[in-house]
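Colleague: Here it is, the structure in full.
The values are calculated or read from the model by the stated rules, or taken from the named source; none is laboratory data. Remember, it's a predicted structure, so these values are computed and weren't measured experimentally. Because the Cβ atoms are built from the backbone with ideal geometry, glycine has one as well, and the counts that use them run over all protein chains shown.
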Amino acid sequence: MDPTRFISTTEAIDPVFMFLFGACLVLLLGITAAMLFFVWRYHRSRAPQPTSQVESSLRLEIIWTVLPTVLVLAMFWYGWKEYLVLRTVPKGAMQVTATARMWSWSFAYANGKVSPKLYVPVGTPVKVNLVSQDVIHGFFLPAFRVKRDVVPGMANYAWFVAPKPGSYDLFCSSYCGTGHSGMTTTVEVLPEAEFAIWLDSEAKKTEEAGKALLEKYGCLGCHSLDDTTKVGPGFKGIWGRSETVASNGTERTITVDETYLRRSILEPNADVVKGAPPVMPSFTLKEDEIKAIVDYLKVLK
Amino acid sequence: MAASELDTRVRRGGFWSDTNRTGIASWIFSTDHKRIGLLYFYSTFGFFLVGVLLGLLLRIELMAPGRTIMGPQTYNALFTVHGVVMIFLFIIPGFQGSFGNLVMPIQIGARDVSFPRLNLFSWWIYMIGAVIVLTSLFTGGGPPDTGWTFYVPFSARTGTNVSLAVLGVFIIGFSSILTGLNFVTTIHRLRAAGMGWMRVPLFTWSLYATAWIQILATPILAITLVLVAAERMLGTGLFDPVQGGDPIMFQHLFWIYSHPAVYIMILPAMGVISDIIPVFSRKPIFGYKMIVFSTLAIAAAGSLVWGHHMFTSGMSDTAVLVFSFLTFIVAIPSAIKVFNWVTTLYKGSISLEAPMLFALSFILLFSIGGLSGLILGAAATDVHVHDTHFVVGHFHYVMFGGTGFAFFAAMHYWLPKFYGRRYAEKPALVGWALMFTGFNLMYFTMQVLGMKGMPRRYYDYLPEFATLNLVATVGSWILVTGLIIMLVNLFRGLWWGEPFAGNPWGGATLEWSTPTPPPTENFVEEPVVTHGPYDYKGSGIP
Amino acid sequence: MSEEQHIISYRKLAFVWVALLALTALTVGVTRVELGAYKVLAALAIACVKGGLVIAVFMHMKYEGRLLRWLLFLTLVTLAIFIGFTFFDVLYR
Amino acid sequence: MSHPPHKDYDGAKLGMWLFLFTELLLFGGMFLLYAVYLKRYPHEFAAGGKQLNWIMGSANTVILLTSSLCVAMSVTAIQRDEPRRAVALVAGTIICAAGFMTVKYFEWSAKIGHGIYPGSAHLKAGAPGESVFFSLYYMTTGIHGLHVLIGGALLGWIASRVNTGTVNAREFILLENGALYWHLVDLIWIFIFPLYYLVL
Ligand code: HEA
Ligand code: HEA
Ligand code: CUA
Ligand SMILES: [Cu+2]
């Protein structure tokens, strides 16, 4: 056998599903059929009196203890064996670090590139190292039957290999608060060559630097770039907007300027926008990063 | 109407009229196990209706993608409260508190439980805990939004009112422990003359096993909740990775209780089914000893499998191996029960009255739920379906298709005994049919959704899940229509329906040998048991 | 009260008390010397003996029927399982 | 069917024991955490243990053992129909309880004075395992202390019932159960003591 060929996670797991569902279906149909038949055949209208008072049968009890035992042991073993496939990363897998935070993902590559979507080359096994910055999240790729919790302080990982190019869903499966259901992104599977180009492409043009930072720090998990409200207010047209905020419980009206933006990022709970939940974590960004973000927000109209 | 209602009240004999207190005080200060049973019945039932309402709201929100009727924060609070109410306020105390109290002492031929005042006290602290849980919705930082599992670190840092909810659950746990030890003592000490262990009715057996789980597992939940509260209020950091704690340890402690707790929920239901099926088949239960054994085996082995909730958490693979293996072992005693129930039907004389219909649908729905549990128990497949709607489907099948339907069976089977009046048969069947249809439409669809990858606790979802979610929502409406028909019929019957007396179903357990409704002391003459609980000939039933 | 009562003499109680004190001294002593990892084990072993004494004599378990003893055993086994099984995770992570 | 309410002595005792089982498991949860974290942070635990005052711990052990002796003797006393002595012995137990809490008070305030308490800046700055050790220490001894208080109050109430004669040589299950509860408090301490004070 070709040692570079390995079984993909989907190929490993699906047969287990088939086996388990098949066995369960047979059991369920058998039990239901027996039940319905007995109810019909021995209905009081057909069987006015019981025709048996047998209370037990050792032979039957043994049969229906032993057979299920054998069956479930088979199920267990098969399930365990293929689970090991999920846990055994093929040699030479590409390494990506996924960082989860409330409520966004970012994926860092060996060359330092950071992306909000998980780009991978087709046919190459990818090992994803899972890092959480706050609470427990879940890294879930339904198409590849892969799931692993992203636990703060713990070095969890998952691996998968994509056989075909395309775009696949990536969900946060472990409940993590208000934005949990919005914490979705995609896996973009590219042909080898295209992926290489993507990986090497220069980070961003300068005017895009602010946007890249918003992606990198997960701001866009809670803020949109248009005027829709996700968890926090949308960023479009934020510059110069006047709004009502609560500062230490007292309401006041402000106009968004540089000082305000700076404060909103460094001490988000100092001024809380009216009607929004006080859930934004505080970020410690470098001065030039703040500058870049502010510059970007200024022009976002 | 008012006059006739008064009439029925006056004519209702037995423990209803025999009291020296009047009005509400004759209930909330009564130490009679039957009155406490009804107190529990109505309080758990009330909370159940709250839970159902929340469930319906959840389904309406999920009817279409995006915001339908509420925002994400509200949705998160709603499923949390739905879960907490259903689990801690309804399904755990429900069966034991209501039918356990109503029936168990009579089934073993006792006049009351061992500690009647403690029994009343249990109800009181249950109510106090419940009120605290409900208070947490309207005070502090808003309703808790952690999910019923209270996972750290999220529960330690969210600004919502988790501490108060946790306190309420803690108090309810205490009530659960007290009921458990009361029942164990009662069943050990107060069985009537002649009732050896192998003559104990299966419902009582199941309560006995349940009570042990309550005694041994609930304290772990209690301490876990205390630690979460301490984490929030004192910053102990025992589960906080920043301070050296381990969030996975919380999950261990939580599931050490909460997995056995699912057997607290299902065992009494299995007990009722084991009592009802033989009665309506006019045949002794098949394999009494094996059912007793499997009850105890479930209780024992159920304490060994908690790790199957944590397969993807980052727990060691060795633990995955062990817990997956043991999970499959627990399935065996459940299988034994199912096979024995079905065989009891063989060559019987089956009458499909309401309790029996609910009992038979229990077998089917519980089997579907249990078999989907096997998919969850296998490590490879659980990884895919963990934290998806497949799990949601699984536990609604076992908890509601299982315990819920058994509860309905018990309501139709036993309540007339205590009220002396009965419901009409036809509407009961209509209600049953609608519920059965709606139930499968909703929860089977949810399992399919889970297989397709829709995560649970999702307020919003991708368009590809839209159709199935709509189907599930429609299912929930059919279900609730059936529920309403069933309940209206049942309660109208209990108050104004045909009289119910004697032993119309033909049961051989002791509760059918007392007057209807039973007198305060349960028996006119202290019973002496001379035959098994399913020996119809021995008890002179044709 | 119909059941037969077993009355434990003051002397016996005092004797157990002295034994408990002695064992306490022993624990302190044992943990002062260098035993490495065995120290925890030794301390726990002594604690178990002390606990056993309290249960058997102070709490009258010695004079109780089989039932209570079985139930106590059941409880302790359950606790041991809860702790032990957690180590399937903790030891192999 | 009207016979006098019958007292089920064995039933009452069984009920009490079942309750004690739940208490064992309650503390069991904390011992579980202790075991896990000891495995993970053996050095920090040893360092933490060194900071606790083993002399005070030993003193408290002796106090609790003595209190247990008193309450056990009071059961013997009531069985032998010596109610006065029984009350005196229970009083002895309660005095011991007060002593225990006093020592605890000094211990805790000394530690808190040194800035060692859950969430304190000192612990946050130190090794993670140390914070875990002290959080466990405070939670375990705190809940144990709560049990001492409850047990003391319970015994006080029972002593007053012995005084009025409701609890007597023929009806002493209340005292016996109260004593059982107290022994449990002692039993738990027997394990807390070496695990926290002596894990050098
Ligand atoms: C009444 C409650 C109840 C009951 C009885 C069960 C019963 C079982 N449960 Fe379930 N379970 C829950 C309530 C319950 N569960 C809840 C609430 C959750 C989710 C918690 C949360 O995360 O919020 C959950 C989650 C859950 C998980 C974790 C899923 C995940 O999060 O990834 C798992 C995994 O193993 C599991 C397994 C099982 C198994 C194997 C059984 C077995 O006991 C089932 C045994 C029954 C049968 C097997 C069917 C009947 C038998 C036959 C038809 C005969 C033929 C059978 C054989 C030959 C085997 N359950
Ligand atoms: C007993 C438990 C129980 C019951 C009965 C129900 C009933 C319902 N549940 Fe569920 N549910 C849970 C326990 C239960 N639930 C739990 C634990 C969770 C997880 C929460 C979490 O994630 O933290 C959950 C989560 C949950 C979700 C998933 C939320 C998410 O993950 O995004 C949804 C979504 O549709 C839902 C819907 C419903 C609906 C529509 C009903 C009902 O409204 C359907 C209507 C019900 C009936 C028609 C009757 C049922 C009758 C009985 C059970 C017995 C009757 C007894 C007496 C009369 C006394 N529930
Ligand atoms: Cu992140 Cu859910
Ligand atoms: Cu479980």
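Colleague: So, of the residues in region B:13-47 that are out of contact with any helix residue (DSSP H, G or I) (no Cβ under 9 Å at 6 or more places or on another chain) and part of a loop (DSSP other than H, G, I, E, B), which turns out to be modelled with the highest pLDDT?
Modeller: B:24
Colleague: A follow-up question, please. Confirm whether residue D:109 is away from chain B (no Cβ under 14 Å), surrounded by fewer than 21 Cβ atoms within 10 Å (Cβ to Cβ) and farther than 24 Å from residue D:161 by Cα.
Modeller: yes
Colleague: Look through A:106, A:173 and report the one residue that is touching a Gly at 6+ places or on another chain (Cβ under 6 Å) and polar (S, T, N, Q).
Modeller: From the options A:106, A:173, the qualifying one is A:173.
Colleague: Please specify each residue of region B:457-469 satisfying the condition of being at the interface with chain A (Cβ under 8 Å from one of its Cβ atoms) and at negative phi.
Modeller: B:458, B:459, B:460, B:461, B:462
Colleague: Would region D:138-155 turn up any residue that is over 16 Å from the mean Cα position of the chain (by Cα) and at pLDDT below 95?
Modeller: no
Colleague: Please determine, by comparing only the residues of region B:411-439 that are closer than 30 Å to residue B:67 by Cα and touching a Phe, Trp or Tyr at 6+ places or on another chain (Cβ under 9 Å), which one is surrounded by the most Cβ atoms within 10 Å (Cβ to Cβ).
Modeller: The qualifying residue surrounded by the most Cβ atoms within 10 Å (Cβ to Cβ) is B:435.
Colleague: Another question, then. Can you pull out every residue in region A:92-101 that is buried (at least 16 other Cβ atoms within 10 Å of the Cβ) and either more than 12 Å from the chain's Cα centre (by Cα) or away from ligand 3 (no atom under 11 Å from the Cβ) (or both)?
Modeller: Within region A:92-101, A:93, A:94, A:96, A:97, A:98, A:99 meet the criteria.
Colleague: Considering only region A:177-283, give the strands (runs of 3 or more DSSP E) lying wholly within it that have at least 1 residues that are out of contact with any Asp or Glu (no Cβ under 7 Å at 6 or more places or on another chain) and in the same structural domain as residue A:118 (by TED's automatic domain parsing).
Modeller: Answer list for region A:177-283: A:185-190.
Colleague: Within region D:113-121, can one find any residue that is in contact with a helix residue (DSSP H, G or I) (Cβ under 9 Å, 6 or more places away or on another chain) and more than 14 Å from chain B (Cβ to nearest Cβ)?
Modeller: Yes, there is a match, as at least one residue in region D:113-121 is in contact with a helix residue (DSSP H, G or I) (Cβ under 9 Å, 6 or more places away or on another chain) and more than 14 Å from chain B (Cβ to nearest Cβ).
Colleague: Separate question: Restricted to region B:224-261, and to residues that are farther than 22 Å from residue C:93 by Cβ and hydrophobic (A, V, I, L, M, F, W, C), which residue is farthest from the other protein chains (Cβ to nearest Cβ)?
Modeller: Only one residue tops the list, namely B:261.
Colleague: Now for a separate question. How many residues are in contact with a Leu (Cβ under 9 Å, 6 or more places away or on another chain) and within 16 Å of ligand 1 (Cβ to nearest atom) when one looks only at region A:158-187?
Modeller: Adding up the residues that qualify gives 2.
Colleague: Here's something else I'd like to know. Only one of these is outside the structural domain of residue A:147 (by TED's automatic domain parsing) and within 16 Å of ligand 4 (Cβ to nearest atom): A:37, A:21, A:76. Name it.
Modeller: The unique qualifying residue is A:76.
Colleague: While we're looking at this one, here's another question. Does region B:470-478 include one or more residues that are within 14 Å of another protein chain (Cβ to nearest Cβ) and either within 14 Å of ligand 2 (Cβ to nearest atom) or in contact with a Pro (Cβ under 6 Å, 6 or more places away or on another chain) (or both)?
Modeller: No, that holds for no residue.
Colleague: For region B:388-397, what are the residues that are crowded, with 24+ Cβ neighbours inside 10 Å and not small (Gly, Ala, Ser)?
Modeller: Listed by number, the residues that qualify are B:388, B:389, B:390, B:394, B:397.
Colleague: Moving to a separate point now. Test each condition in (1) touching a residue at least 60 places away in the same chain (Cβ under 8 Å); (2) within 9 Å of ligand 2 (Cβ to nearest atom); (3) within 21 Å of the chain's Cα centre (by Cα); (4) more than 14 Å from chain A (Cβ to nearest Cβ) for residue B:48 and report the one that comes out false.
Modeller: If we test residue B:48 against (1) touching a residue at least 60 places away in the same chain (Cβ under 8 Å); (2) within 9 Å of ligand 2 (Cβ to nearest atom); (3) within 21 Å of the chain's Cα centre (by Cα); (4) more than 14 Å from chain A (Cβ to nearest Cβ), just (1) comes out false.
Colleague: While we're on this one: Looking for something more than 7 Å from every other protein chain (Cβ to nearest Cβ), over 26 Å from residue D:163 (Cβ atoms) and part of a helix (DSSP H, G or I) - is there at least one such residue anywhere in region D:60-76?
Modeller: yes
Colleague: Looking at region B:120-152 only, could you name the residues that are within 16 Å of ligand 2 (Cβ to nearest atom), in a helix (DSSP H, G or I) and modelled with pLDDT under 90?
Modeller: Correct list: B:136, B:137.
Colleague: Now a separate question. Is it fair to say residue D:134 is within 12 Å of chain B (Cβ to nearest Cβ) and either under 22 Å from residue D:35 (Cβ atoms) or aromatic (Phe, Trp, Tyr) (or both)?
Modeller: Yes: the conditions hold for residue D:134.
Colleague: Oh, and also: Determine which member of the set A:231, A:189 is surrounded by 12 or more Cβ atoms within 10 Å (Cβ to Cβ) and away from ligand 3 (no atom under 16 Å from the Cβ).
Modeller: A:189
Colleague: I need the full set of residues from region C:57-82 which are at the interface with chain B (Cβ under 10 Å from one of its Cβ atoms) and surrounded by 16 or more Cβ atoms within 10 Å (Cβ to Cβ), in order please.
Modeller: Listed by number, the residues that qualify are C:71, C:75, C:78, C:79, C:82.
Colleague: Restricting attention to region B:335-353, does a residue exist that is more than 9 Å from ligand 1 (Cβ to nearest atom), assigned to a helix (DSSP H, G or I) and under 30 Å from residue A:128 (Cα atoms)?
Modeller: no
Colleague: Tell me, yes or no, whether region C:67-88 has at least one residue that is more than 26 Å from residue B:305 (Cα to Cα) and not in a helix (DSSP H, G or I).
Modeller: No, there is no match, as no residue in region C:67-88 is more than 26 Å from residue B:305 (Cα to Cα) and not in a helix (DSSP H, G or I).
Colleague: Can you confirm whether residue D:156 is away from chain C (no Cβ under 14 Å) and in a helix (DSSP H, G or I)?
Modeller: It is true that residue D:156 is away from chain C (no Cβ under 14 Å) and in a helix (DSSP H, G or I).
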